[in-house]
Amino acid sequence: MVRIHGTLHTSTFDSGSTSQAPQQDKTIGQADFDLQLEEAPLELEQQGDGGPSHALVTGEMKGRLDRVNQQPDMKLVVISNRGAPFDPNKPQTGGLAAALEPVVERSGALWMFSSENRGDGTERPLPLVKAGEGYVAKLDLPAAHHRGYYRDFSNSTLWPVLHSLSDRTSRAEEGYDSYRQMNNFIARAAFDLRDRDAFWVHDYHLLPLGGDLHNLGIERPTGFFLHTPWPTPDMIERVPNYRELMKSMLEYDLLGFQTNRDLNNFLACLRTYFGLEGKDGVVTTERGQTRLQKFPIGIDPRPFAEYLAAELSPAEQEKISSLLQNFEGAKFAIGVDRLDYTKGIDKRVEAFNQLLAAEPGSISLLQIAPSSRADVDEYRKYKEEVENAINHVNAEHGKEEWKPIHYTNDPFSQAALARLYRAAHVGVVTPLREGMNLVAKEYVAAQDPKDPGVLVLSKFAGAAEDFNEDEALLIDPNHPEEIATAISKAANMRLEERVMRWRSMMDKTESYTIHDWSADYLRELDKSRITVPANQFHHLGLGWTNEAQMPMYQNYAAAQTAHNAIDPADAALKEAAYADVKSAFVALAAPLKHTQDRLWDLPARTASRDGHRGQELGARED
C-alpha cells in the first residue's frame, strides 16, 4: 500500500509487485477511465484462470459482515499508554481502561501498554500474561524520555489543547522530541507482533505511532481511536509541530472519533492546514486512503445488576456504609471524576454554593475524585483550588449535624460505585469538555427502574450526543448558576418524569454497548486487510486493493470466474457471460471513478490480437 514519505504532496511509491519498475503518478481522466472500462474484458480473457480468485473475497468476509454484533476473526494488537488491572475488585484507571478491558478479555486480542516500571531503552522480548481470552504485554518505557513524553508534551501540551483549555496549556517544545522518541520505541517493541492481523492504537499519547509502525515495514492495517475531544483549527495550532502530528495521523487506515463534533473539527483542520477535503468519510493523499468515522463508546450495562448483588470486601463494605450513613433520609447528588481540571469540579462546587444559598439544606454532594497526575504543577494547583472551595462551602452552609459536601480521593471498585450511583438522587457529570464520559452511562445503568435518579450532564461531554435534553438535564458547565438550577430541578422532579427520562437513556445504553463499539470499529478496520493482489488487477489501479475500497469486487470476481469457465467454442454463452462481466465491472467502477484525487497507475496500451486497443497483463513487468 502507498505510504507518505516526506510531505503530503511529494511521495515515493511502492507498487506492491515483485517488479521494481518505476511508477508514474497519474490522475485518471474520464476518457482514460472509459477506455479502461471498454478494454477490461479483453484483459480478462487473456488472464484466463490466472486472475484473482473469487474465494479471496467471499466466504469468511461476507459471513462476518452479516453477523452484526460479532467482531472480525482477527489476531488483533491493541496499543495504549495506560492499561487495565483486569480485576473487578480493583478501581479502574480511567475510561480507556474501562473500555478496552472487556474487548481484550472477549476477543483474544493482545494488549500492549506501559508498566509502572521505567527501563533503560533496551529492547527485550515482550512478556505475555493471559487475560481472559486475550493477553497483556506490559512495556517498561525508557526513563530518559518519560518525563518529556508523558508530563511535558502529552499532559501539559496536548491534553489541555485537545480539551480547548488554552489557559492551561504549556508549550513544552522540549518535550516533543521525547514524545517522538517514545513512540518510536513503542513501535520497535510492537515489531515482534508484526505477523498479527491488525493494530489498534489508542489515544493522544500515540498520535504518530501508525507512521512509526509503517516506517519499520509493518504493513498490516492500522487504526487509531481518539478518546479525547479534537479541537478547532485555531486551537490545535497551539501545539508545537501540530502539522507534523496531523500528517502522521493520516498514516492510519482508520481514524475513529467519539462524536460528530470531534470528527468535523478534525476535517476542518485538514482543510485549513493541508487543503484536504474528506468525501464520504474518506481522505485521500499520496499515502493512500484514510477513513474517518464516529464510533461513540459505550459500556456493558449487564454487569451492573451483578455489581449491586455482589459482596464487597469487608473494608470496602465498611467504607460504603459509612459514606451512605451521611445521607440517611436526605437527598444527595454524586460526582465521580479524576481530579482533573477538565472535569469542572470547581464549577460544580460553586453551583452547590449558589444552590444552598437559595435552598438551604436541600441536597448534599458526594464528590469522589481520585488524585491524578500529581507530579504536574497544574494538577497540584487544581487540587488545592477544589479543596479550598469545598471547605468554603462546608463552612458557609454546613451545620453541626450536616455537611453539604462529602469529598474523598479514595478510588472505588465498580461494584462499590454501582451501589453509590443507585443511592444518589442526582448524577452530576459536568466536564468542561470530554470525549465521551462513561460515568454518565454507568450512572444510568445502576439506577432502580422503579425509582431512578436524574442525570445532570454537560452539553460539552460526548455523552450529550447520545442523551438529549428530553433525557438528561443538559447544562453549560462554565456557568454554575445553570448547574445549580438543573440540580434543583432534578432533586424535585416527579417520579413519572424521572422514569420516562431514565427509560429512554437506558434503552440507548443497552442498544449500543462497549461490545457493539469494538465490533463496529474492528469490522471497519478489517476492511483494510488486503484481499486482492495488486499486481493482478491493473485496470482499476494499484490503490484499490481491499474490500473497503472495492465493495462490489466479489460480484465482479464471480462473473469473471464464470466467464473464464465457458468453452470459447460456445460463442453465444460466452457472449452472455461477457455481458455479465461488463455489467459487474460497471457496478464496481461507478463509486470509484469520482473519488477525489485518486492516483491511478495505468499500464501501457498495446494492440490486442484482434486489432482492438488493449492492455497486456505483462506490460508493467518488463
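Test of the criteria: in segment 392-467, which GluC sites (Glu not before Pro) are in a DSSP loop and have at most 11 other Cβ atoms within 10 angstrom of their Cβ? Walk me through the intermediate numbers first.
Working: sites: Glu396, Glu400, Glu401, Glu434, Glu442, Glu465; in loops: Glu400, Glu401.
Loop-located and lightly packed - Glu400, Glu401.
Can you list the trypsin sites (Lys or Arg not before Pro) in segment 493-530 that are in a DSSP coil and have 10 or fewer other beta carbons within 10 angstrom?
On the way: sites: Arg494, Arg498, Arg501, Arg503, Lys508, Arg523, Lys527, Arg529; in loops: Arg494, Lys527, Arg529.
Passing both the DSSP loop test and the Cβ count: Arg494.
When the chymotrypsin sites (Phe, Trp or Tyr not before Pro) in segment 325-408 are filtered for DSSP coil states and for at most 16 other beta-carbon atoms within 10 Å of their beta-carbon, no site remains. Between the beta carbons of Glu237 and Glu105, assuming R0 = 30 Å, the FRET efficiency works out to 0.15 to the nearest 0.05.
Taking 28 Å as the limit for the C-alpha separation, the pairs Lys343/Lys489; Lys247/Lys459; Lys399/Lys450; Lys319/Lys383; Lys343/Lys527 exceed it in the case of Lys247/Lys459; Lys399/Lys450; Lys343/Lys527. When Rg and the Kirkwood radius Rh are both evaluated on Cα atoms of segment 291-377, their ratio Rg/Rh stands at 1.05. For the pair Leu128 and Ser511, the difference between a 0.36 nm per residue extended length and the Cα-Cα distance amounts to 134.5 nm. Three principal axis extents of segment 311-511 based on alpha-carbon atoms, in descending order, are 40, 37, 34 Å.
Of all DSSP beta bridges located in segment 311-511, what percent are antiparallel, nearest 5? Bridges in segment 311-511 that DSSP calls antiparallel: roughly 5 percent.
In whole Å, what three semi-axes, largest first, describe the equivalent ellipsoid of segment 160-283 built from its Cα gyration tensor (square root of 5 times each eigenvalue)? Don't skip to the answer; put the middle values down first.
Details: eigenvalues 114, 68, 29 Å².
One finds semi-axes of 24, 18, 12 Å for segment 160-283.
Just so you know, all these numbers are worked out from the coordinates, no wet-lab data involved. The model shown is predicted, which means the values in this text are computed figures rather than measured ones. Every residue, glycine as well, gets a Cβ built from its backbone with ideal geometry; the counts of neighbours run over all protein chains shown.
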